[in-house]
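This report refers to the structure that appears directly beneath it.
The numbers here are math on the coordinates, done by the rules we state, and not lab data. Because the structure is predicted, anything quoted here is derived from the model rather than measured. Glycine also receives a Cβ, built like all others from the backbone with ideal geometry; neighbour counts cover every protein chain displayed.
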Amino acid sequence: MRKKILIVGAGFAGAVHARVLAECGYSVDLIDRRNHIGGNAYDYTDENGIRVHAYGPHLFHTKNSKIIDWLSRFGNLVPYEHKVRALLPSGQTAPLPINLDTLNIVFDSNLNSPTEAAEFLGRLSVPLAAPRSAAEYLYSKIGRELTDLFFRPYTKKMWGFDLEEMSAAVVKRIPLNFDRVDTYFYKDEIQVLPQSGYTVLFESMLDHPSIRVHLSVMFAHDMLNDYSFCFNSMPIDEFYQYQFGDLPYRSIKFHSRTELATTGNTEPSWSVTNFTDLGPYTRETAWHILPYHLVSETGKRTFTREEPCDYKDNNFERYYPVKTADERYQKIYQQYHQLSCSQEKSISFIGRCGTYQYLDMDQVINQSLANVNVWLAQQ
Ligand SMILES: Cc1cc2nc3c(=O)[nH]c(=O)nc-3n(C[C@H](O)[C@H](O)[C@H](O)COP(=O)(O)OP(=O)(O)OC[C@H]3O[C@@H](n4cnc5c(N)ncnc54)[C@H](O)[C@@H]3O)c2cc1C
């Protein structure tokens with residue numbers, strides 16, 4: 001008899017596990033408490049004919065061509081180089097990540113080469129031997145003025161903490177650029193979007209006779225009795241009834257509005273604008289700028305602003321695991337992880353909430369392919 005596998009969560013972690021297991025002859029039940037597949041990558045076409053990503057803009061970028069080869073089996077991926085600009089107090093916008101042009105716009109300077117930009121930033125930076133917090137790290141790299149303009153209000157809004165309370169690890173991801181390159185993910189050679197959207201890509205990934213998808217179904221412990229193994233992407237603290245305490249997340253409330261389409265050549269070339277002010281919003285997405293997101297022309301456009309908040313103020317929607325300078329929550333996660341290693345012989349916790357780490361989509365796919373193949377080799 002074919003072994004029955006339960007998978008909790010229809011995001012990338014669950015869907016990749018489901019597909020590989022089904023192709024290896026296992027019988028898979030995939031449940032999700034939401035009423036849709038795709039996890040946080042889910043998208044849909046709204047009443048303005050615009051494709052909107054329900055949980056914020058998802059841009060696919062990676063250095064790993066094997067992931068693209070695997071994913072391309074389920075839909076056409078089109079090249080897209082993402083651009084972001086910050087709205088400054090002056091009303092001007094400047095490229096992010098910070099590059100040579102950003103410096104010239106902010107300081108009204110006339111830097112002309114990467115060497116001049118690097119020397120300029122060198123003069124702004126505050127030397128520190130071993131920066132621990134995000135503030136110390138940024139001061140040591142870009143100095144106070146740029147830190148306080150681009151990162152202080154944004155971080156406070158995004159995380160609810162001051163830069164001094166945040167781990168340097170959170171801002172070490174932010175690239176710095178001394179030339180004129182203005183693409184957000186320029187460090188990754190491959191930047192794509194699924195031509196027909198993420199939801200269609202997931203539909204294709206889950207379209208296999210051995211995969212049954214059950215939506216609006218919550219995980220319950222007694223489900224485990226019916227399966228030989230469970231791959232579980234639910235929050236690990238929830239699974240263990242919070243016995244070591246909560247693993248907190250930042251969440252986001254999305255506020256969309258409709259505007260009439262502009263005529264002529266007035267469209268901006270970037271899709272996301274970051275706000276540097278002290279208001280509640282971090283950024284705004286103009287969805288129609290993304291390729292294939294203008295699904296049908298209605299003369300209307302959709303814009304979505306993001307207002308970060310605690311996950312408990314947003315119906316327990318968990319988006320970003322919280323990383324403080326003292327790593328207190330990662331220590332709690334380790335307790336849950338050790339408990340799962342010692343107690344569970346037939347459950348593997350997977351994905352963002354199962355392992356309490358921020359993971360980009362390519363990382364989740366990579367980890368999932370590796371995890372499921374190790375498991376298969378042990379059977
Ligand atoms: C605002 C935002 C923007 C992002 N932008 C990017 C980007 O530009 N590029 C990029 O690479 N990545 C981006 N990401 C990260 C990306 O969303 C994740 O890498 C990906 O969603 C992780 O997949 P996952 O399967 O681990 O988790 P999820 O997508 O969260 O899927 C987990 C699923 O499990 C379900 N579930 C949870 N608990 C239960 C339960 N008890 N019972 C049943 N089902 C349950 C949930 O409903 C959910 O659908 C972004 C994330 C956010 C929040």
May I ask for the distance between the Cα centers of the range 271-337 and the range 172-209, given as a whole number of Å?
16 Å
Where is the GNM fluctuation largest for the chain (alpha-carbon springs, 10 angstrom cutoff): Thr298, Thr62, Thr285?
Thr298
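Could you work out the longest stretch of the chain that avoids the chymotrypsin sites (Phe, Trp or Tyr not before Pro) located in DSSP loops with at most 13 other Cβ atoms within 10 Å? Mind showing how you got there, number by number?
Values: sites that count: Tyr242, Phe316.
After excluding every exposed loop site, the longest remaining stretch is 1-241.
For Asp226 and Phe316, what is the calculated FRET efficiency with R₀ set at 35 Å and r taken between the beta-carbons, to the nearest 0.05? Don't jump to the answer; show the numbers that get you there.
Details: r = 26 Å, r/R0 = 0.75.
After rounding, the FRET efficiency stands at 0.85.
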Summing -39500 (n - 2.57) over every DSSP H run of at least 4 residues in the chain and dividing by its residue count gives a helix-only mean residue ellipticity at 222 nm, to the nearest 500 deg cm²/dmol, of -9000 deg cm²/dmol
Descending semi-axes in Å of the range 84-172, equivalent ellipsoid built from Cα gyration tensor:
22, 17, 9
Nearby lysines by direct alpha-carbon distance to Lys312 (threshold 26 angstrom, same-chain neighbours under 8 apart not counted):
Lys156, Lys157, Lys253, Lys323, Lys331
Would you mind calculating the gained length between Gln379 and Glu145 on full extension (0.36 nm times residue separation, minus the Cα-Cα distance), in nm to one decimal?
78.6 nm
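Give me the percent relative contact order of the chain, please, defined on Cα pairs under 8 angstrom at least 6 residues apart.
Relative contact order of the chain: 27 percent.
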Given Cα pairs under 8 Å that are at least 6 residues apart, what percent is the relative contact order of the range 84-172?
20 percent
The alpha-carbon center of the range 26-61 and that of the range 345-375 are separated, in whole Å, by 18 Å
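Between Asn35 and Arg132, what is the FRET efficiency for a Förster distance of 41 Å, r being their Cβ-Cβ separation, to the nearest 0.05? Don't skip to the answer; put the middle values down first.
On the way: r = 43 Å, r/R0 = 1.05.
The value I calculate is 0.40.
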For the chain, modelled as a GNM with alpha-carbon contacts under 10 angstrom, which of Gly245, Gly351, Gly14 fluctuates the most?
Gly245
